[in-house]
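The values are calculated or read from the model by the stated rules, or taken from the named source; none is laboratory data. What you see is a predicted model, and the numbers here were worked out from it, not measured in a lab. All Cβ positions, glycine included, derive from the backbone under ideal geometry; neighbour counts span all protein chains shown.
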Amino acid sequence: MPTGVERDFIGMEQRRREAARLLRSGESQAEVARRLGVSRQSVSRWAQALEREGLRALRRAKRAGRRPQLQDAQLRQLVRLLEAGPEAAGFATGLWTLPRVRQVIEQRFGVRLGTTRVWQLLHGLGFSPQRPTGRARQRDEVAIEQWKRKRWPELKKTLPPKDG
């Protein structure tokens, strides 16, 4: 199943229950797989679970995937930390990097994440990569604008007219 695709847990449970009904009525595992459009291996697993634990074993999962490493309250706290800026977190410059975010997560929440996982987490929280503007802090926008309007035209060379 592709990443990011929602699973139909109810439909999957209904398919397993139908498989159980067919198996109990005497259908072969191969026939059940063919009729339901699933693999024989899946039907075999369902049959074993049905034999061991009954229909209870075929109930739908409450969730898929690994348990989240950070709880919802921790994620909200992380967003507030990120929005406050790197300086507020004790860094010398105002630029968040993945290693910095990773360090903050480990220090504040005691959770070690890989760089890729930090990237995914930030993306999931709605953050996107940004590049610094590369402008000096002491830049005087008014003076720059005046220079562009007055001094630059005086300095700019004009091309001689083309002989046609």
Answer yes if at least one residue in the range 92-110 is surrounded by 15 or more Cβ atoms within 10 Å (Cβ to Cβ), closer than 30 Å to ARG66 by Cα and free of Cβ contacts under 8 Å to residues at least 12 places away in the same chain, and no otherwise.
yes
Looking at the range 118-135, which of the residues that are without any contact (Cβ under 8 Å) to a residue 24 or more places away in the chain, surrounded by fewer than 16 Cβ atoms within 10 Å (Cβ to Cβ) and within 26 Å of ARG66 (Cα to Cα) is farthest from the chain's Cα centre (by Cα)?
PRO129
Any residue at all in the range 10-17 that's in contact with a Lys or Arg (Cβ under 9 Å, 6 or more places away or on another chain), modelled with pLDDT under 90, part of a loop (DSSP other than H, G, I, E, B) and more than 30 Å from ARG137 (Cβ to Cβ)?
no
